[in-house]
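K.L.:
For reference, the structure I am asking about is given below.
The values are calculated or read from the model by the stated rules, or taken from the named source; none is laboratory data. For clarity, every value in this text was computed on a predicted model and none was experimentally measured. Glycine also receives a Cβ, built like all others from the backbone with ideal geometry; neighbour counts cover every protein chain displayed. The area values use the complete protein model at the heavy-atom level, side chains included, leaving out ligands, DNA and RNA. Shrake-Rupley method; radii C 1.70, N 1.55, O 1.52, S 1.80 Å.
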Amino acid sequence: MSSEEEIIEIEKKQNISVRLHHHDRNAIRTVAARLFVRESEIYRLAVNNFISNFSKLDDEECSGSDLLPLFIKYRAELIHSLGLKKQQLFKTINNGNVHPDKFVAMADIELLLLPQQQMRGRLLQIEEAQAYKQLDTNIWLENYFIEKYGLQKDFEECFEISDKG
């Protein structure tokens, strides 16, 4: 294949079909109209934003605790939109060959999937988590994971920088 053919192959676009709720489609139409762009541009923006935010899942080298910042940040959206189960998330995070230093315990994966009130109750039962107790349960969970898994204190800032680069 010549380099010209390779470029054409790379630039090919494919149509896909997506099922959306009526109110989501109307919201997309409204945003597109307000920005004076086509709906398809809004869909491309959404897909590109998703790919950018979840790029760590596309990197085979990222596994175990490397993925915790992603799942902490998007915890609620992933639970609501994807309905992930603990076994799915365990396999996703620990990815079979995860280095022992990066292995995330099933109990901690379960924490990521719990609704806010249940997560708070579970954190109250974990002795090691008591030192990081906060009114904001999400901050409490973050601080507990930062300490337990040796994540950087400013992991969210690092996470955002690494996604842009």
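K.L.:
Comparing 94, 143, 15, which has the greatest mean-square fluctuation in the GNM of the chain with Cα pairs linked when under 10 Å apart?
P.N.:
Among 94, 143, 15, the largest mean-square fluctuation in the Gaussian network model of the chain belongs to 15.
K.L.:
When the helices in the chain are scored as -39500 (n - 2.57) per DSSP H run of 4 or longer and the sum is shared across all residues, what 222 nm value do you end up with, to the nearest 500 deg cm²/dmol? All intermediate terms of the calculation are to be shown ahead of the outcome.
P.N.:
Values: 10 runs with 102 residues, N = 165.
Result for the chain: -18500 deg cm²/dmol, rounded to the nearest 500.
K.L.:
Something else: So what are the ³J(HN,Hα) numbers for region 73-84, from phi and the Karplus equation (6.51, -1.76, 1.60; θ = phi - 60°), rounded to whole Hz, Gly and Pro as x?
P.N.:
Once θ is set to phi - 60°, the couplings for region 73-84 become 5, 10, 3, 5, 5, 5, 5, 5, 7, 9, x, 4 Hz.
K.L.:
Distance check, please: which entries in 12/102; 85/133; 13/148; 12/86; 56/148; 56/133 exceed 32 angstrom between their Cα atoms?
P.N.:
On the way: 12/102 38 Å; 85/133 26 Å; 13/148 44 Å; 12/86 37 Å; 56/148 21 Å; 56/133 28 Å.
The pairs that break the limit, which is 32 Å between Cα atoms, are 12/102; 13/148; 12/86.
K.L.:
When the dipole is taken about the Cα centre of the chain, and only Lys, Arg (+1) and Asp, Glu (-1) are charged at their Cβ, what size is it in debye, to the nearest 20?
P.N.:
Numbers: 21 positive and 27 negative charges, 199 e Å.
Here the chain has a charge dipole of around 960 debye.
K.L.:
If you don't mind, there's one more thing I want to ask. Write down, largest first, the equivalent ellipsoid semi-axes of the chain in whole Å, where each equals the square root of 5 times an eigenvalue of the alpha-carbon gyration tensor. Display every interim value, and only then the final one.
P.N.:
Details: eigenvalues 241, 97, 43 Å².
The three semi-axes for the chain are 35, 22, 15 Å.
K.L.:
Please work out the ratio of the alpha-carbon Rg of region 77-151 to 2.2 N^0.38 Å and round it to two decimals. Don't skip to the answer; put the middle values down first.
P.N.:
Values: Rg = 12.6 Å, N = 75, 2.2 N^0.38 = 11.3 Å.
Normalised by 2.2 N^0.38 Å, the Cα Rg of region 77-151 equals 1.11.
K.L.:
Calculate the spin-label point distance for residue 34 paired with residue 134, positioning each point 7 Å from the Cα along the beta-carbon direction, and give it in nanometres.
P.N.:
3.0
K.L.:
Compute the FRET efficiency between residue 125 and residue 53 as 1/(1 + (r/R0)^6), taking r as their Cβ-Cβ distance and R0 = 30 Å, and round to the nearest 0.05. Write out the running numbers ahead of the final one.
P.N.:
On the way: r = 32 Å, r/R0 = 1.05.
Approximately 0.45, to the nearest 0.05.
K.L.:
Right, next: Mind checking the full-extension length gain between residue 87 and residue 116? Use 0.36 nm per residue of separation minus the Cα-Cα distance, one decimal, nm. Each step should come with its number before you reach the end.
P.N.:
Values: separation 29, 0.36 × 29 = 10.44 nm, distance 1.99 nm.
Length difference between fully extended and current span is 8.5 nm.
K.L.:
Restricting to DSSP loop positions (anything but H, G, I, E, B) with no more than 11 other Cβ atoms inside 10 Å of their own Cβ, which GluC sites (Glu not before Pro) remain in region 1-107? Show your work: numbers first, answer last.
P.N.:
On the way: sites: 4, 5, 6, 9, 11, 39, 41, 60, 61, 77; in loops: 60, 61.
Hits after loop and neighbour filter: 60, 61.
K.L.:
With a Förster radius of 25 Å, plug the Cβ-Cβ distance of residue 46 and residue 12 into 1/(1 + (r/R0)^6) and report the FRET value to the nearest 0.05.
P.N.:
Values: r = 21 Å, r/R0 = 0.82.
Efficiency for this residue pair is about 0.75.
K.L.:
Next question. Positive end of the dipole of region 82-151, charges at C-beta (+1 Lys, Arg; -1 Asp, Glu), about the Cα centre: which of 103, 146, 130 has its Cα farthest in that direction?
P.N.:
Working it through, the farthest residue towards the positive pole turns out to be 103.
K.L.:
Among 35, 111, what's the order by accessible area (1.4 angstrom probe), most exposed first?
P.N.:
Working: 35 105, 111 0 Å².
The ranking, largest first, comes out as 35, 111.
K.L.:
Gaussian network model of the chain, Cα springs within a sub-10 Å range: biggest mean-square fluctuation belongs to which of 92, 30, 137?
P.N.:
Per the Cα network of the chain with a 10 Å cutoff, 30 tops the list.
K.L.:
Please give the per residue accessible area of the chain, computed with a probe of 1.4 Å over protein heavy atoms only, in Å².
P.N.:
Details: 11950 Å² over 165 residues.
Each residue of the chain exposes 72 Å² on average to a 1.4 Å probe.
K.L.:
Label 7 Å along Cα→Cβ of residue 20; region 46-77 residues with amide nitrogen under 11 Å?
P.N.:
Output list for this probe position: 46-47.
K.L.:
Output the relative contact order of the chain, whole-number percent, from Cα pairs under 8 angstrom with separation of 6+ residues. Show your work: numbers first, answer last.
P.N.:
Values: 91 pairs, mean separation 32.2, N = 165.
Relative contact order here is 19 percent.
K.L.:
A further question follows. Can you give me the % of accessible surface on the chain that is carbon or sulfur? Probe 1.4 Å, all protein chains present, nothing else counted. Don't skip to the end; give the middle numbers.
P.N.:
Values: 6290 of 11950 Å².
Ligands and nucleic acids excluded, carbon and sulfur reach 53 percent.
K.L.:
Looking at the chain, identify the longest residue range that excludes and avoids all trypsin sites (Lys or Arg not before Pro) in DSSP loops having at most 12 other Cβ atoms within 10 Å.
P.N.:
Values: sites that count: 12, 13, 19, 38, 85, 153.
In the chain, the maximal stretch lacking such sites is 86-152.
K.L.:
In degrees, nearest 10, range 0 to 90: what is the angle between the Cα axis of helix 155-164 and the longest Cα principal axis of the chain?
P.N.:
Taking the Cα atoms of the chain, the angle to 155-164 is about 20 degrees.
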